[in-house]
Every structure is written in C-alpha cells, then in structure tokens.
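Since the structure comes first, as structure tokens, the remarks are kept for the end.
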Amino acid sequence: MRSQLAMTAAAVLAPARRLLARARGLVHSRAMARAEAALWLISCAAGGAFLWWLADAGLYQRRAAVELRELGADAGQRTPAPRLPAGTPIAQLTIPRLDLSAVVAEGVDDGVLRRAVGRIPASARPGDAGNVALAGHRDTFLRPLERIRAGDLVRLETGSALYEYRVEWTAVVDPGRTDLVRETGYPALTLVTCYPFRWVGEAPHRFVVRARRVESDFALGAAG
C-alpha cells in the first residue's frame with residue numbers, strides 16, 4: 001500500500017518537477033540575457049566615452065600646436081601675460097626616445113589634464129631659471145614615462161624658444177611630496193604622474209622624473 005502511494009505521488013509530482021526545472025532554466029537564461037545586455041551597454045558606454053575623449057583631446061592638441069606656432073611667429077611683438085587662464089597652451093613636450101609628444105597647458109584641473117599635460121601653477125614657466133613642474137595622467141599622455149631612464153633627452157618648445165633637459169633621476173613617492181615641485185636652485189624640469197602605471201582606480205603613489213636643463217637652448221626665430 002505504501003509503495004503504491006509512493007509510486008502514485010511520484011507520478012503526480014513528476015510533471016510538476018519537470019515544470020519547475022524548466023522554470024528555473026528559463027529564469028536563469030533570462031537573468032543571463034539581462035546580464036549580457038547590461039555588460040554590452042556598459043561596454044558601449046565606455047567605448048563611446050573613450051572615443052569622445054580621443055576626439056576631444058586630439059582636436060585640442062592640434063589647435064594648441066597651431067596656436068604655439070603662431071605665438072612663435074610674432075614672439076617679438078607680444079608681452080608675456082602675468083597670469084594665463086587655465087587651458088592656455090604654453091609649450092610642446094617631447095621625449096624622442098619614448099615617442100612622447102604632447103601640448104603643455106596652463107593649470108592642472110580635470111579639464112586641462114583631460115586634454116593636455118598641465119603646468120603646476122606654483123612652478124616656473126618654461127624658460128625661467130627655476131623648476132618647471134608638469135603633471136599628467138598615467139593612462140593618457142604620460143603613459144610612456146614607465147619606460148623613461150636617466151640620460152633621456154626631454155624637450156620643451158614654446159613656439160619662440162626650445163629648451164632641452166637631461167633626465168637625472170626618477171622616484172616613486174607619496175602624494176604628499178609637494179617639495180619635489182618647488183624651486184631647485186638650477187633650471188630643472190619635473191614631471192609628475194600617478195603610480196603604478198597599470199593600477200586600476202586611484203593610484204596610491206606618484207612617479208616623479210627630474211631633469212636638468214642643458215646649455216643648448218636657442219630662439220626658434222633666430223634659427224630660421
């Protein structure tokens with residue numbers, strides 16, 4: 001009797017179990033489909049944001065390069081402004097061995113660093129006797145600095161003059177080391193970016209490059 005009841009119950013419950021299994025599979029497949037759609041949308045948004053940045057930064061770099069050339073063409077007729085607005089292009093930074101080339105703009109706010117390498121306002125301007133301190137993002141313009149080494153040539157071209165530097169040392173420091181962008185007592189160039197270079201999220205350290213100006217500066221107008 002008990003065995004018959006068990007068999008009957010099993011027979012009755014079998015369709016319900018099959019229906020439940022199908023329902024679970026359907027729910028799982030729908031959840032997977034939603035997850036895949038969400039990931040696809042996130043990927044599209046991230047790709048679109050990157051392409052927008054690429055276009056925006058590229059357009060700014062091209063316009064700034066033209067502006068620097070025009071600045072050099074009539075350098076003798078202009079008086080340097082005591083204070084430049086943020087985002088004003090002031091120089092072209094190049095490191096030949098690393099194939100690095102980027103416009104340097106005034107300021108280090110988010111808008112500036114999204115489009116260029118920025119000059120830290122408290123530091124010297126290109127051509128001054130002090131320490132020219134520049135900052136940039138590790139995942140855009142200054143990514144090649146992960147391959148820099150002592151002795152590398154660094155150039156700053158303002159449109160009217162070219163200044164050359166030789167890298168003396170690099171260091172990984174805490175973000176609070178603001179002393180490294182202060183006066184050095186000699187014409188210097190300091191580059192600062194976040195570290196590690198491949199870190200995902202807010203990087204915990206800073207990578208600093210210190211270079212000393214060499215005696216090869218010349219006026220571009222005189223060279224022509």
Odd one out for Ala105, checked against (1) over 23 Å from Thr178 (Cα atoms); (2) under 16 Å from the mean Cα position of the chain (by Cα); (3) modelled with pLDDT of 95 or more; (4) surrounded by 11 or more Cβ atoms within 10 Å (Cβ to Cβ): (1)
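What do you reckon, is Val172 crowded, with 16+ Cβ neighbours inside 10 Å and farther than 15 Å from Ile120 by Cβ?
Details: crowded, with 16+ Cβ neighbours inside 10 Å: no; farther than 15 Å from Ile120 by Cβ: yes.
Considered against the rule, which asks whether it is crowded, with 16+ Cβ neighbours inside 10 Å and farther than 15 Å from Ile120 by Cβ, Val172 comes out as no.
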Test result for Arg210, among the charged types (D, E, K, R), surrounded by 15 or more Cβ atoms within 10 Å (Cβ to Cβ) and in a strand (DSSP E or B): yes
Selection status of Asp110, surrounded by fewer than 19 Cβ atoms within 10 Å (Cβ to Cβ), of a type in the set (D, E, K, R) and without any contact (Cβ under 8 Å) to a residue 24 or more places away in the chain: yes
Residues (of a type outside the set (Gly, Ala, Ser) and either at pLDDT below 95 or surrounded by fewer than 15 Cβ atoms within 10 Å (Cβ to Cβ) (or both)) located in segment 127-136: Asp128
Any hit, segment 129-137, residues being among the polar types (S, T, N, Q), touching a residue at least 12 places away in the same chain (Cβ under 8 Å) and in a loop (DSSP other than H, G, I, E, B): no
Matching residues in segment 150-176 - criterion: being assigned to a loop (DSSP other than H, G, I, E, B), more than 20 Å from the chain's Cα centre (by Cα) and not aliphatic (A, V, I, L, M): Gly151, Asp152, Thr158, Gly159, Ser160
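The values are calculated or read from the model by the stated rules, or taken from the named source; none is laboratory data. Here the structure is a predicted model, which means the values were calculated and not measured. In this analysis, Cβ positions are derived from the backbone assuming ideal geometry, glycine residues included, and neighbour counts consider all displayed protein chains.
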